Amino acid sequence: MEIRELKAFVAVVEAGAMSKAARQLHVSQPALSQTITALERRLGVRLLVRTSTGVQVTDAGTTLLGEARAVLARHDQALAAMARHTAAGGGVLRVGVPLELPPDLLPSALARLPDTRVQARHLSSVAQVAALRAGELDVGLVRERPAGPDLDAALVVTEDVGVLLAADLVEKLGSPVRLEDLAGLEWFAFPRAGSPAWYDELAAILRSHGLDVGPEVPEEQRLIVELKIPAVSAGGAYAFAPPEWPYPLPDTVRWVPLAGNPIVRRTWAVWPAASRRRDVAEFVAALEDHRRNGSEV
């Protein structure tokens, strides 16, 4: 048996339902169900009975519950004991960073780690997940939550995305602008390969408002933020951007909100599930505090 399997089992029993436990563990319900099924198969007994209202623990499950809690408590004690032999800081934290993060997010989080040196790498969501699984990153900031039990994740940024438009178009369309009023303009997009789920979500929203998504951007063509401005300034294109876009805008381009806030961009902190690094835990906790409290971290 693995520690993660025991944690999953205890979480399901304590939550009383697979769906509630999945939310608490930040995993999908099918993935959690597969973990429990694999544990039952490994032990050769049925631990839980699924019902329409939740789960019921079998006699074998009750026995395992007591043993699992004891094992997990001893596991936590061992980690705490070893943590006393680990320096509080002074290490190197390798962080994957996407484009267009809120400007105060990283500085406020890193203020909690004064003795930690940070190595930041600008990578797409797909590239970050691959680097995390290859042991080349300690934590990533991605635009889609990866599936699988090998990575943990926490939602750290939620942004109502607006649009960059030529100033004369804003005068014509008004503010906030309706998404359907962008018909006839070209979407300044990014390569789908870098963040497929986020690209597909955007494309679906555009199509639902009667907009043409246009041809896919070639995979080898990286999104360069500085190119957004001249593309939009010419008046034939629009680009999505968060409210706190961390780049200066010329007088010829304006950021305006979208009526009804139809587009919400989420950023997840992702790290290896097996990680026991305190600096990673502190960094993620600081990011979560930033999301809950705004800039008051």
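Annotations
- Summed over the residues of the chain and divided among them, the accessible surface reaches 52 Å² per residue at a probe radius of 1.4 Å.
- For the chain, the mean residue ellipticity at 222 nm estimated from helices alone is -12500 deg cm²/dmol, where every DSSP H run of n ≥ 4 contributes -39500 (n - 2.57) and the total is divided by all residues, rounded to the nearest 500.
- Summarising the amide proton neighbourhood of A241: residues at separation of 5 or more, or on other chains, whose placed amide H is nearer than 5 Å comprise G162, V163, L164.
- Percent carbon-and-sulfur accessible area, the chain, ignoring ligands, DNA and RNA, probe 1.4 Å: 53 percent
- Ordering of 150-160, 202-212 by burial proxy (mean other Cβ atoms within 10 Å per residue, highest first): 150-160, 202-212
- Highest-first arrangement of 234-246, 120-132, where packing means the average Cβ count within 10 Å: 120-132, 234-246
- Built amide H within the under 5 Å cut-off of E186, gap 5+: A237, Y238
- For the chain, the average shadow cast by the Cα convex hull is 18.5 nm², which is a quarter of the hull's surface.
- The residue list N293, G260, L206 was ranked by how far each Cα lies along the charge dipole of the stretch 146-297 toward its positive end, using unit charges on Cβ atoms, and N293 comes out on top.
- Percentage relative contact order, the chain, counting C-alpha pairs under 8 Å, at least six apart: 24 percent
- Span-rule helices in the chain, defined as complete DSSP H runs reaching 20 Å or more along the axis (Cα) with Kyte mean at least -0.5: 29-43, 59-83
The values are calculated or read from the model by the stated rules, or taken from the named source; none is laboratory data. Please read these numbers as outputs of a predicted model, since none were measured by experiment. Note: ideal-geometry Cβ built from the backbone for every residue, glycine included; neighbour counts use all protein chains shown. Calculation scope for accessible area: heavy atoms of the full protein, side chains included, ligands and nucleic acids excluded. Shrake-Rupley method; radii C 1.70, N 1.55, O 1.52, S 1.80 Å.
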